[in-house]
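Note sheet for the following structure.
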Amino acid sequence: MNIKKLLIPLALLFPLAAQAQSISPAQIEQFKQLPKAQQEALARQYGVDINSITGSQRTNQRPEQVNVVEPVTSITDDERDRARAEKEEEDEQAEKNGGLKPYGYDLFAGNPSTFAPVTEIPIPSNYTLGPGDVLRIQMWGNQNQNLELPISRDGTISFPDSGPVTVAGLSFDEARQQIRKRISEQYIGVEASVTLGELRSMRVFVLGEARNPGSYSVSSLSTITNALYVSGGIKQNGSLRNVQHKRNGKLVGTLDVYDLLQKGDSSADNRLQPGDVIFIPPVGKRAGIEGEVYRPALYELKGDNTLADLVRMAGGLTSQAYPQRINIERTNQDFLRIIAEADYTAQQGRNARVQAGDRIRIPSISDITGQYVEIKGAATRAGKFAWMPGMRVSSLIRNLDADLLPVADKQYAAIVRTDPEDDTISVLNLRLRDAVRRPGSEHDLVLEERDRLFFFADAGKVDIEQANERASERALEERRANGRLATSDSINEEQGPESFTRDNLFAPIIQRLKAQAKPGSPQQTIRISGPVRYPGEYPMPATRSLADAVFVAGGLKDSASLYQAEVARYTTDDSGGGQTSILNVNLAEAMAGNADIDLQSRDTILIKSIPDFAKTRTIALEGEVRYPGEYTFRDGETLEDVLARAGGLTNNAFPRGAVFTREKLRQLEAQRLREAEERLQGDLLGVQLEGDSFGGQNAERVQEVQGLLEDVQNSRPLGRMVIDLAAVLDNENYQTIRLQDGDRLTVPTIPQAVSVFGEVQFPTSHLHQTGLTVDDYLERSGGPTRQADASRVYVVKADGSVTLPQRSRWFGGRSQQLEPGDTIIMPIDVDRLNQLELWTNVSQIVYQMALGAAAVGNL
């Protein structure tokens, strides 16, 4: 009867819904009270989407996660400043504690952007139902229905055809059994499945030393840790080992976060109820542990803790720990820091009590101290290797090519041996190739414990290797430039072969030998110089022979003289005074082992060179020589002798214009030109500082000096020495020209021109005509310019000599006739530069320029 009364208004409901007219909430509530089957039948009859009326989703869809905490998409400036201040305070505290940070607080690092507990996990049978939870009931058999029944505020659900059922306060399992029983009693042939749909939210409090204490709405499935996460976690001054769960003012339980972090034990992570309080008290006593443990940090103590407990909390000892002497730094009764020790290998040490404020340091075991030998230097596999009695060099180095680097010196190696009695060192020289080729021979030395084998680089191979490395680097850069190799690729940064030279590897050994010297045990070093491959300071050879000292230095060079060597020895006389004596040694006999001399401390060996060994001196003959080329001359040979060897001059040779240059003269001229350039630059600065004191003509004079300075800078020193080549060849009384290394003779062809350079209108060369004078050639070049000094005209002859023409019609007369190859120089008027003392400078510079011009013009 009630159903019929309800269907009457609902019959009007669906046409209105179909016409998209408004439906009152009361009508929708009446529709929701109908069984699910009747709702679906009415919806199909009127063609209405049931979801558009009820607003609910289909029952077979997965429930959404409950998101009861608003997402934190951004933080305010105040929150950011507070977080920064907390971070600085934490870092400051960590610095006070020697870098140790409290353990466990990183679990809550960062602020969660949202808090949504997992709601699709199976509901535990002891889950307590309450207002806001939704029960889903699926019925099948004689009657099929899907019901969603929310628990109302009075703790009941409205079950169709049977009235309200009280379920609040019941466990989920109890409510499920009660609902199944009611359905089986009211419906014949109907079975039911009861599940939990949407969960209720509840409000809990997180107080005490939380980062963000306050009240939070959480899911009914939330636990203590969920509430801690949503509140931002625990501050570093809050306790992790005594998180209190309170309900109605009573303590329900405590959570030790250490159990969760270290054991994975969440049994104390209780599920929350509405109104529960999570209280975080201040942190308890702490002790720090550092060194060889897996989790060095500050740990909160709980009750009486032993050293073993603290080590266990820190993850245990590492394999590098030395447990026999553990340092414990603590505060005594007088408030002074003291250090105690504990032996962790003993039961008493493991049971040592840990007090608040203790700082425990687990030391490391020492490096390998025995039963090893070590390889250093240019070896393929450097490092420490196990030592066994009777081991020889050939036990470690079996193949020179495979066991040593390509740049290694395969002739010599050194063994540094440490005396276990007094820790002094000695050096044994090793003929490496003989030791490897003949295992067990006298050269294959027996190794002792803690011996160090040094393998050195060969200097010549190092240079080749460096060249190859530079070529590889250039190729690598080219590939990178072409985009064929990513810039992130790295180059091998291991030690280069230059690190394995004798100087680098022997330096600490020499220093150690000097440091351990004492009266009665002098410094065991020698020094060798001269034509050996690696001159320098070396340890004293154990044999004290000169031949072994030369072998250590890499052997003799081919320039070494075998006739004589010197050994400078420092000794003390009977009165205690020091003196140096020189011992002459026949090096050939010493290298053969026949010399009767033993080296002593601080001996200095001088290997003498063959005088002028492989020294060649050459002269270059160019131009009109019958057989030009570079000739090697003997000591005392003259220019005439070399020209005779070259077949003399050709028929087209112009010996009077020959240019003979010498390297030493060229260097001297270059130095003079540099000095003149510096003086001119100073003079130019003086002219510029004078301003317009010269009647407005200063700018022009500055330009003139600048032009002269540019000429000097562009000039090329020749190093020419004036000679009369014809007299050298024909006149026996002419001074003999002794040759020097680097001399050069250039013989030009017969010239036909006379050149005019300097301050003339058109500097050029003119065809030589018999009878023409200096003035004639000057007129043919347009005459002097306004800056010219015609009173100082001079002529550079073809042989490089300089003559001053006789005065003639312009300035007293110049009627001297010229010869082919001569050069006329018109100098600049330096007097126009107004009181500047430039004449010496300019005359020297122009003279050099004239020589260069003449040389170029005559070649």
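The values are calculated or read from the model by the stated rules, or taken from the named source; none is laboratory data. Every value quoted in this text rests on a predicted model; they were computed, and no experiment measured them. Every residue, glycine as well, gets a Cβ built from its backbone with ideal geometry; the counts of neighbours run over all protein chains shown. Calculation scope for accessible area: heavy atoms of the full protein, side chains included, ligands and nucleic acids excluded. Shrake-Rupley method; radii C 1.70, N 1.55, O 1.52, S 1.80 Å.
Looking at L767, L718, just one residue is of a type in the set (A, V, I, L, M) and crowded, with 16+ Cβ neighbours inside 10 Å, and that residue is L718.
Does G682 fit the bill of being in a loop (DSSP other than H, G, I, E, B) and open to solvent by less than 70 Å² (accessible area, probe 1.4 Å)? So G682 fails the test.
Keeping to region 637-660, report how many residues are closer than 30 Å to K615 by Cβ and crowded, with 19+ Cβ neighbours inside 10 Å.
7
Within region 609-636, being surrounded by fewer than 17 Cβ atoms within 10 Å (Cβ to Cβ) and assigned to a strand (DSSP E or B) holds for S609, T618, A620, E622, G629, E630, T632. If the condition is being farther than 14 Å from L149 by Cβ and modelled with pLDDT of 85 or more, then region 191-201 contributes only E191.
In this structure, is Q524 at pLDDT 90 or above and open to solvent by 50 Å² or more (accessible area, probe 1.4 Å)? Yes, satisfied. Is it the case that region 180-192 has a residue that's in a strand (DSSP E or B) and open to solvent by 20 Å² or more (accessible area, probe 1.4 Å)? Yes, region 180-192 contains a residue that is in a strand (DSSP E or B) and open to solvent by 20 Å² or more (accessible area, probe 1.4 Å). Taking the criterion of being hydroxyl-bearing (S, T, Y), under 52 Å from the mean Cα position of the chain (by Cα) and farther than 12 Å from K608 by Cβ, the residues of region 555-580 that qualify are Y570, T571, T580. Of everything in region 597-608 that's open to solvent by less than 50 Å² (accessible area, probe 1.4 Å) and part of a loop (DSSP other than H, G, I, E, B), which residue is modelled with the lowest pLDDT? Taking the candidates together, the pick is I597. Residue-level check: of (1) surrounded by 11 or more Cβ atoms within 10 Å (Cβ to Cβ); (2) under 28 Å from Y299 (Cβ atoms); (3) modelled with pLDDT of 90 or more, V427 misses just (2). Scanning region 448-458 for residues that are of a type in the set (A, V, I, L, M, F, W, C) and surrounded by 23 or more Cβ atoms within 10 Å (Cβ to Cβ), we see that the one that is nearest to V373 (Cα to Cα) is L453.
Name every residue in region 774-796 that is within 22 Å of I750 (Cβ to Cβ) and open to solvent by less than 30 Å² (accessible area, probe 1.4 Å), in order of residue number. Please lay out each step first, then the result.
Applying the first criterion (within 22 Å of I750 (Cβ to Cβ)) to region 774-796 yields 774, 776-777, 780, 795-796.
Result: V774, Y777, V795, V796.
Any residue at all in region 507-521 that is touching a Leu at 6+ places or on another chain (Cβ under 9 Å) and modelled with pLDDT under 95? Outline the logic, then answer.
Residues of region 507-521 that are touching a Leu at 6+ places or on another chain (Cβ under 9 Å), as a first pass: none.
So far as region 507-521 goes, no, none of its residues is touching a Leu at 6+ places or on another chain (Cβ under 9 Å) and modelled with pLDDT under 95.
Would you list the helices (runs of 4 or more DSSP H) that sit entirely within region 288-404 and hold 3 or more residues that are surrounded by 12 or more Cβ atoms within 10 Å (Cβ to Cβ) and over 33 Å from the mean Cα position of the chain (by Cα)? Spell out how you get there, then give the answer.
On the way: elements: 307-313, 347-350, 393-396, 400-403.
Passing ranges, in order: 307-313, 393-396.
Among residues of region 172-185 that are among the β-branched types (V, I, T), none has a beta-carbon under 9 Å from a residue that is surrounded by 20 or more Cβ atoms within 10 Å (Cβ to Cβ) and assigned to a helix (DSSP H, G or I) at least six positions away or on a different chain.
Restricting attention to region 215-253, report how many residues are of a type outside the set (D, E, K, R), part of a loop (DSSP other than H, G, I, E, B), open to solvent by 20 Å² or more (accessible area, probe 1.4 Å) and in contact with a Phe, Trp or Tyr (Cβ under 6 Å, 6 or more places away or on another chain). I'd like the intermediate steps shown before the answer.
Going residue by residue through region 215-253, those that are of a type outside the set (D, E, K, R) are 215-234, 236-240, 242-245, 248-249, 251-253.
Now restrict to residues that are part of a loop (DSSP other than H, G, I, E, B): 220-222, 231-233, 236-237, 239-240, 242, 248-249.
This time we only want the ones that are open to solvent by 20 Å² or more (accessible area, probe 1.4 Å), so: 236-237, 242, 248-249.
Checking which are in contact with a Phe, Trp or Tyr (Cβ under 6 Å, 6 or more places away or on another chain) leaves us with 236.
Counting residues in region 215-253 that are of a type outside the set (D, E, K, R), part of a loop (DSSP other than H, G, I, E, B), open to solvent by 20 Å² or more (accessible area, probe 1.4 Å) and in contact with a Phe, Trp or Tyr (Cβ under 6 Å, 6 or more places away or on another chain) gives 1.
Please count how many residues of region 728-748 are hydrophobic (A, V, I, L, M, F, W, C) and part of a strand (DSSP E or B).
2
Quick one: is D256 under 27 Å from D304 (Cα atoms) and open to solvent by less than 70 Å² (accessible area, probe 1.4 Å)? Judged against the criteria, D256 is a match.
The set of residues in region 196-214 that are in contact with a Phe, Trp or Tyr (Cβ under 9 Å, 6 or more places away or on another chain), open to solvent by 50 Å² or more (accessible area, probe 1.4 Å) and either part of a strand (DSSP E or B) or not basic (K, R) (or both) comprises R203, F205, L207, P213. Close contacts from region 663-676, counting a first residue that is free of Cβ contacts under 8 Å to residues at least 24 places away in the same chain and a second that is surrounded by fewer than 17 Cβ atoms within 10 Å (Cβ to Cβ), with Cβ to Cβ under 6 Å and a gap of 6+ residues or different chains, come to none at all.
Could we say that F500 is under 19 Å from L400 (Cβ atoms), within 22 Å of the chain's Cα centre (by Cα) and either surrounded by 14 or more Cβ atoms within 10 Å (Cβ to Cβ) or modelled with pLDDT of 70 or more (or both) here? Spelling it out, F500 is indeed under 19 Å from L400 (Cβ atoms), within 22 Å of the chain's Cα centre (by Cα) and either surrounded by 14 or more Cβ atoms within 10 Å (Cβ to Cβ) or modelled with pLDDT of 70 or more (or both).
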